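Values quoted throughout were computed directly from the atomic coordinates according to the rules given, and no laboratory measurement underlies them. In this text, all values refer to a predicted model and were calculated from it rather than measured experimentally. As a convention, Cβ positions derive from the backbone with ideal geometry for all residues, glycine included, and neighbour counts pool all protein chains shown.
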């Protein structure tokens, strides 16, 4: 694959956290759940022997036309799912707790992204009204150039927000935006200015030539776009405008 | 007329079998959308979806049936199963909500 080096770098980076080791090492319990809509990324719902429910998005199952429509390649969506989590890990809290953990792992001989099921339900706009949750989520989506953050790509359990599905992220200038609802909400509340913790996180990221290891996980043009977004955010002191990749 | 069925499933650790759980049933009929089911509120009817063939962003107001056919592309992470089918005639739907795009 054209992203073999990036896949190898993700594999080398993952496994330090207990949740990642659990997702990498626990056996799969039983078959995947039957699906009636296998056409979009061929994602499988699986159970792990420790009781966790996970979703496996194989590299071979990417819906190519859909990925290309977003400016992705036929390989990048599962990679970007895993890199989204790695960005959250290097940024630390509050962002690490905002994302559903994701690792690269094989299932049934297919390599792909394995994401942990998030608690809560889709479609709830409560988090867009909560600065505690909306602000860090909007910062994260702005930084990673999330292209499709709508209310069915997050989960809300009444007290906690979890962001899911980062396949269509790490966009480049000119790539399309479908939704970035949390970023829109933050800006519409007059809260575009960076918080001190956000400024410090960007300074840490840019203070390392390899973006704290993230640059090696992305194709070079996407890593460069990430660096430039972080620089713009710092220079302006605010999250970027929707679609500003 | 397009019917979209949303389901999820839970794994039974004792039987090692998946149990399907209904979320919602959506009917797009012309310009009208009806949705019902135990968790119909989970489905965001204002969502825009990128048509992979035309790369055009499609919303409900741009054509309810076309939008409904594209709904699987909005649910890619695997925890909500989205089944689209074409139905020939009106079915009793136990309608909970009606949304018209004609307004």
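For the reader, a short list of remarks on this structure follows.
- At R0 = 35 Å, FRET efficiency that the Cβ-Cβ distance of residue A:119 and residue A:11 yields, to 0.05: 0.80
- Model label sites at residue A:106 and residue B:86, defined 7 Å from Cα along the beta-carbon direction, differ in position by 4.1 nm.
- Radius of gyration and maximum dimension Dmax of region B:16-73, Cα, Å: 13.2, 43
- As a rough footprinting exposure proxy, the listed residues A:23, A:212 were ranked by other beta carbons within 10 Å of their own, and the order from fewest upward is A:212, A:23.
- Taking each DSSP H run with n ≥ 4 as -39500 (n - 2.57) and averaging over every residue of chain A yields -11500 deg cm²/dmol at 222 nm.
- Sites residue A:19 and residue B:54 - FRET efficiency at Förster radius 41 Å, r taken between beta-carbons, to 0.05: 0.55
- Once both labels are positioned 7 Å from their Cα atoms along Cα-to-Cβ, the gap between residue A:193 and residue A:96 label points is 2.9 nm.
- Other protein chain C-beta atoms within 10 Å of residue C-beta, averaged over A:156-168: 1.
- The order of A:86, A:186, A:241, B:3, going from fewest to most other C-beta atoms within 10 Å of their C-beta, is A:241, B:3, A:86, A:186.
- Shape call, region A:1-108: gyration tensor on alpha carbons, a/c limit 1.5: oblate
- Relative contact order for chain B, counting Cα pairs under 8 Å that sit 6 or more residues apart, in percent: 35
- Relative contact order, percent, chain A [alpha-carbon distance under 8 Å, six or more residues apart]: 19
- Relative contact order (%) - criterion: Cα under 8 Å, at least six apart; region: region B:43-86: 27
- For A:233, A:1, order by how many other beta-carbon atoms lie within 10 Å, fewest first: A:1, A:233
- The mean number of Cβ atoms from other chains found within 10 Å of a Cβ in peptide B:44-57 is 5, as a whole number.
- Between residue A:203 and residue A:232, the simple label model (points 7 Å from Cα in the Cβ direction) yields a spacing of 2.3 nm.
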